[in-house]
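Quick one: structure below, then a few questions.
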Amino acid sequence: KSPRQSAVTSTVQPNDGSDKVDIKFNELEKVGVLGEGAFGRVSLVKQKNAPDGKTYALKAMQKQLIVNNNLQEHTLNEKAVMEMLNHPFLLKLHNSYQDSKYLYLLIELCQGGELFTYLRDVGNFTEPQTKFYAAGVTLGFQDMHQLNICYRDWKPENLLLDSNGFLTICDFGLAKCQALVTHTASMSKGNSGGTLAWKAPEEFDNAPFNEKCDVYSFGI
């Protein structure tokens, strides 16, 4: 069985670094482009002359755009949170790099694309499908919450599918690694992070919040 097929317990195992791959940046070979966003692109890459032919996703983020949009903390936070995680339904960080223009994250490749795209194509999920994907989110959230990580950005676009159809939670830039956090005074109501349609009421009120905001978003 794959790790995802065997993920039937919720006991948190600390990240022991086993997800890290010892690949130097100049050993990576670009195969194609998986997607482009406002701050960079995600490419399909592989290690040059690797016998296993394993492929990865390489997320490249422009440093200047990160600074211009005051996203330094957001970007560093994403990397720090991913380094803590070790669960079959949470996206794995394999390595990180930088040069004069870009920051790079070498991450797990999820070939099935976004759950949102699949849902849009089929219109509605059956009840068994809904239970299946909901179970993956539940296990992933349970692992994060036991580590006192509040995810804060639940939406179908942040749920990926692997080549076998199992779910993977991605995009940890808004996650907070604290049991209870309070917004800073500079954060305006409704703009503190996350997607408006899924946000919990306490996040709109600039009130203290905890992992329960993820449960609320999941219910919505």
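Any idea which of A38, P51, L65 is furthest toward the positive side of the dipole for region 30-69, if Lys and Arg beta-carbons carry +1 and Asp and Glu beta-carbons -1?
The one lying farthest along the dipole's positive direction is P51.
How long are the semi-axes of the ellipsoid equivalent to region 89-170, from square roots of 5 times the Cα gyration tensor eigenvalues, in whole Å, largest first?
With the √(5λ) rule applied to region 89-170, the semi-axes are 25, 17, 11 Å.
Counting only Cα, what are the radius of gyration and maximum Cα-Cα distance Dmax of region 29-71, in Å?
13.1, 41
What is the dipole size for region 52-121, taken about its Cα centre, with +1 at each Lys and Arg Cβ and -1 at each Asp and Glu Cβ, in debye to the nearest 20?
140
Cβ under 13 Å from Y151's Cβ, Y151 left aside: what net charge do those residues give with Lys, Arg +1 and Asp, Glu -1?
Neighbour charge sum, excluding Y151 itself: -2.
Got a sec? What order do E36, E157, E83, E203 fall in by accessible area at 1.4 Å, biggest, i.e. largest, first?
E36, E83, E157, E203
Also: Tell me which residues come under 5 Å, amide H to amide H, from L109 once H is placed; ignore anything under 5 positions away on its chain.
A57
Compute the length gained on full extension between V21 and Q129: take 0.36 nm times their separation in residues and subtract their Cα-Cα distance, giving the result in nm to one decimal.
Residue separation times 0.36 nm, minus the Cα-Cα distance, leaves 35.6 nm.
The values are calculated or read from the model by the stated rules, or taken from the named source; none is laboratory data. The shown structure was predicted, so the numbers you read here are calculated from the model rather than taken from an experiment. Every residue, glycine as well, gets a Cβ built from its backbone with ideal geometry; the counts of neighbours run over all protein chains shown. Accessible surface is based on the protein model in full, side chains and every heavy atom, while ligands, DNA and RNA are left aside. Shrake-Rupley method; radii C 1.70, N 1.55, O 1.52, S 1.80 Å.
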